[in-house]
Structures are given as C-alpha cells and as structure tokens.
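The values are calculated or read from the model by the stated rules, or taken from the named source; none is laboratory data. This is a predicted model, so every value here is computed, not measured. Note that each Cβ is placed from the backbone with ideal geometry, even for glycine, and that neighbours are counted across all protein chains shown.
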Amino acid sequence: MTNFNETKALFHLPAGVVYLDGNSLGPLPKAVMERLDQVATREWGEMVITGWNRAGWIDAPTRVGNRIAALIGAEEGSVVMGDTLSIKVYQALASALELVPDRRVILSDTGNFPSDLYMAQGLIGSLEKDYTLKVVAPEDISAAIDDTVAVLMLTEVDYRTGRKHNMRALTEKAHAHGAVTLWDLAHSAGALEVELSDVGADFAVGCTYKYLNGGPGAPGFIYVAPRHHGKIRPALSGWLGHEAPFEFDLNYRAAAGIDRMRVGTPPILALAALDAALDAWDKTTISDVRQKSLELADRFIAGVEAQCDMLTLATPREHEQRGSQVSFRFEHGYAAMQALIENGVIGDFRAPDIMRFGFTPLYIDEDDVDEAVRVVAEVMRGALWDTPRFKKKSKVT
Ligand SMILES: *Cc1c(COP(=O)(O)O)cnc(C)c1O
C-alpha cells in the first residue's frame, strides 16, 4: 500500500488551505520548480537550439506520452502529447469519422464538457457532408447506440456530477454496431483505473493539468489504438507529424505510428514540468489512488450529509458509477463556494448549482477531509455565504 504521507510531501500546498480542486488544477509538485530551473538554465540557457538534439527535446512528446500511457492502460507508442485537449478532441474526432465513411452521426451526451461538443460542431461546420451531432441524456446513451452512429464521443467522468460511464460496456456496444469510440479522460487520467487497450477503445484524449498536476495550460494528450495508426489521416497535418519534417517536402506525408498526431513545435518547458510532476506516480499506483480517493470521498459525503441538509448530493453513491469528485447541488452554490474559499476550503462551482470537491489522495488526507467538513458545516449552517460580496461572479468560477 502506498505511503500517502510521502506523496503529500512531494507537493507545495498553500498554507492554511484544504485544496479540494485538484480535479480542475493540480497543485505544484516541488520537483517541478527544480526541473524548470534546470531546463531553463542548463538546456535552453546553455544549449540553445542544440537542445532539440542534445537534450532530446524533439522526442519529449512521445517520451512523456509513454509515461501517460502507463497510467491509462495504453500500449507503448500509442500516446503523444501536445496542444490543448480541445484541439486533441478535434483531431481525434476528424480521424475517427473518416474510419466510418458511410455514416453521419456523432453521438454524445449532455454530461459532456461543452468544449468537446463545440469542437464537434466546429468540425461538422467545415465538412461538406451533412453530419449531425446527436446529444442525449447520459442515462440514455446506451440505448441510443445504433447502426447509424459513426462515432460515440463521451467523457468518461462527468465534470459536473462526477457520474462515471461504463467504458467497457459502451465501447463493446458501439463496436457491435460498427461505431468507433472517442473517450475523453480529462477526469479519469490520474484519478482512476483506465484500461484503454483491454477495453478496445479506438481514440482517447485528455489533459494533464487536472489529476496529473502538470500546471496551468499543461499540454493535452491523444491516444490512438495501434490497429488504426496506419489508417488514419491527420486533419491537422502539421510539419512535426510529417514522415520526415526536416526534408521540408512541399507535400504532407503522415509519419508512421502515433507521431502523425503531432502538429507543431512542442512546449518544452511545459513538458518538462509535466514530466517532473509524473514522478509522483513512481511512489504509488493508480489502484491505490483510486481506492483511497473513494474512501476520502465517502468520508466527506457522510460528514456533510450528517450536518447540512440544505445540500443535495449530485454524485452517484455507488463506487462503480463515480469518479473522484463529489458534487452537491445548492441554489446559492456560487456564493457558498466563495465563502468556503475565504474560509480555507478551495473547491469550485459549475453552473447552474453545482459545488464541486475533488479528492486526490496524492496530497489530501483524512484530516483535510475532516477540516473541510467542519468548514462546510460552519458556512452552510450559519449561512455565511449570504452576503453581497460572495455573490459577485468572477470570470473564472
Ligand atoms: C477540462 C476539460 C476540457 C478543457 O479543455 P482544454 O482544451 O484543455 O481547455 C475539455 N473537456 C473536458 C471533458 C474537460 O474536463
């Protein structure tokens, strides 16, 4: 079993704060500061342009991709880093649609993150054929999979409620109907066991600034099942996805393997930060993290429900059906979250009425949960949120 006191010591956590928002932005791993300093001074500073070869910058997207692959049950050489998650959704969806050329339906659900749906809408707008994005309620997804569906595009764990889809069952059903699957792992990678290869998923995408602690704006990742590598045409055919970028050929030829999903120059400083952040996983396993996260979340739910009957649990109680966040509905959730933050418990708010709390055992322990329950009870029972300054919305909620 993991020693979570050891993993907690790896992070810089702001004083006087219980940080329950690692599902939105992971905190700073101490190793990142040192690594950034090294890469900036020794590599960028001393090697300048030769760093692409001498420090191996050019291979960083696949090198770091392989570390992510190990956390999501993906084959070596099937994950590459780069760009933002939204762009990776676009790329994956465009390639997925081309694998099923005779169909026109993209199926998704209302629990998906808006950017994923927006990217699909944008892509459809630039395709000549009459594609449709069909969006149903999460509980109706399975029944909506039929022989018209080209791509089933879902986020495994709902960013608002924490409800988790059954990736295996839905992938099997999609395949039985001749559809291709695209899974968004934004709230899965680093939070729970994912078995992409075993499940037979076709495409997956994710970000690394949430549970993987890569820092604000850390690069996204894309997974393509090896059986599709040779077949897919990259819609964003940038030079670093070319078979031979330094031949400067005027015509695009896709690189072999997952490299064809690269686009342009990779963000070396951001990849270095992420790489250092991933060292935390050398001290633990995803199954230990998952188990402990469920324990912490259960403790929080029990504590809050015992004291705050104005809060309604929005997250499924069954372990199998949830990710690693706990959400409560409350009409004045935005103001209540601001009051919690002022009192040292950081979670976040998602419209219209969701208060979210993430349980990330790498740096959250039982004492943190008990302190959070105490503060939530104090704020809610005393209606400490009911003051004008907590009701004025900031740009980022
Ligand atoms: C966080 C999140 C995003 C954000 O995408 P970016 O391009 O990284 O801003 C997209 N989709 C899901 C499901 C998310 O949870």
Of the residues in the stretch 108-124, how many are over 20 Å from the mean Cα position of the chain (by Cα) and under 24 Å from VAL194 (Cα atoms)? 0
When the stretch 369-397 is checked residue by residue, the ones that are assigned by TED's automatic domain parsing to the domain that holds LEU311, closer than 23 Å to SER324 by Cα and surrounded by fewer than 21 Cβ atoms within 10 Å (Cβ to Cβ) are ASP370, GLU371, ARG374, VAL375, ALA377
Residue among ALA297, ALA339, ALA372, ALA314 that alone is more than 20 Å from GLY162 (Cα to Cα) and at pLDDT 95 or above: ALA339
Pull out all pairs, ordered by first then second residue, where Cβ-Cβ is under 6 Å, the residues are six or more apart or on different chains, the first lies in the stretch 280-300 and is under 15 Å from ASP367 (Cβ atoms), and the second is at pLDDT 95 or above and hydrophobic (A, V, I, L, M, F, W, C). LEU296/PHE359; LEU296/VAL369; ARG299/VAL369; PHE300/VAL326; PHE300/VAL369
Consider GLU98 carefully, then state whether it is within 30 Å of THR132 (Cα to Cα), surrounded by fewer than 18 Cβ atoms within 10 Å (Cβ to Cβ) and of a type in the set (D, E, K, R). yes
Number of the condition not met by LYS88 [criteria: (1) at pLDDT below 95; (2) within 15 Å of the chain's Cα centre (by Cα)]: (1)
Set LEU154, LEU170: member being modelled with pLDDT of 95 or more, crowded, with 16+ Cβ neighbours inside 10 Å and within 14 Å of the ligand (Cβ to nearest atom): LEU154
Reported set for the stretch 261-272 where residues are more than 22 Å from ASP184 (Cα to Cα) and either outside the structural domain of GLY73 (by TED's automatic domain parsing) or surrounded by 18 or more Cβ atoms within 10 Å (Cβ to Cβ) (or both) is ILE268, ALA272
Any residue in the stretch 112-125 that's assigned by TED's automatic domain parsing to the domain that holds THR84: show its pairings with residues that are near the ligand (Cβ under 9 Å from one of its atoms) and outside any helix (DSSP H, G or I) at Cβ separation under 6 Å, as long as the two are six or more apart or on different chains. ASN112/THR155; PHE113/THR155; PHE113/TYR159; ASP116/ASP184
Condition met for ARG54 (buried (at least 17 other Cβ atoms within 10 Å of the Cβ), touching a helix residue (DSSP H, G or I) at 6+ places or on another chain (Cβ under 8 Å) and more than 30 Å from VAL199 (Cα to Cα)): no
Give the residue that is surrounded by the most Cβ atoms within 10 Å (Cβ to Cβ), with candidates limited to residues of the stretch 106-149 that are more than 18 Å from SER86 (Cβ to Cβ) and hydroxyl-bearing (Ser, Thr, Tyr). TYR131
From VAL194, VAL199, VAL149, grab the single residue that is of a type outside the set (S, T, N, Q) and either touching a strand residue (DSSP E or B) at 6+ places or on another chain (Cβ under 6 Å) or not assigned by TED's automatic domain parsing to the domain that holds ARG104 (or both). VAL149
So which residues in the stretch 101-115 are under 16 Å from TYR131 (Cα atoms) and within 12 Å of the ligand (Cβ to nearest atom), if there are any at all? SER108
For the stretch 116-140, enumerate the residues that are under 22 Å from LYS231 (Cα atoms), away from the ligand (no atom under 16 Å from the Cβ) and touching a strand residue (DSSP E or B) at 6+ places or on another chain (Cβ under 8 Å). ILE124, TYR131
Filter the stretch 201-260 for residues that are in a loop (DSSP other than H, G, I, E, B), among the charged types (D, E, K, R) and surrounded by 17 or more Cβ atoms within 10 Å (Cβ to Cβ); which is nearest to the ligand (Cβ to nearest atom)? LYS210
Within the stretch 83-100, tally of residues that are within 12 Å of the ligand (Cβ to nearest atom) and either out of contact with any Leu (no Cβ under 9 Å at 6 or more places or on another chain) or closer than 21 Å to TRP57 by Cα (or both): 5
What are the residue pairs meeting all of these: first residue in the stretch 308-329, first residue free of Cβ contacts under 8 Å to residues at least 40 places away in the same chain, second residue of a type in the set (S, T, N, Q), Cβ atoms under 6 Å, and 6 or more apart or on different chains? ARG329/THR312
Every residue in the stretch 1-41 that is surrounded by 13 or more Cβ atoms within 10 Å (Cβ to Cβ) and part of a loop (DSSP other than H, G, I, E, B), please. THR2, LEU10, LEU13, VAL17, LEU20, ASP21, GLY22, ASN23, SER24, LEU25, GLY26, PRO27
Sole residue being closer than 20 Å to ALA191 by Cβ and in a loop (DSSP other than H, G, I, E, B), chosen from ALA70, ALA74: ALA74
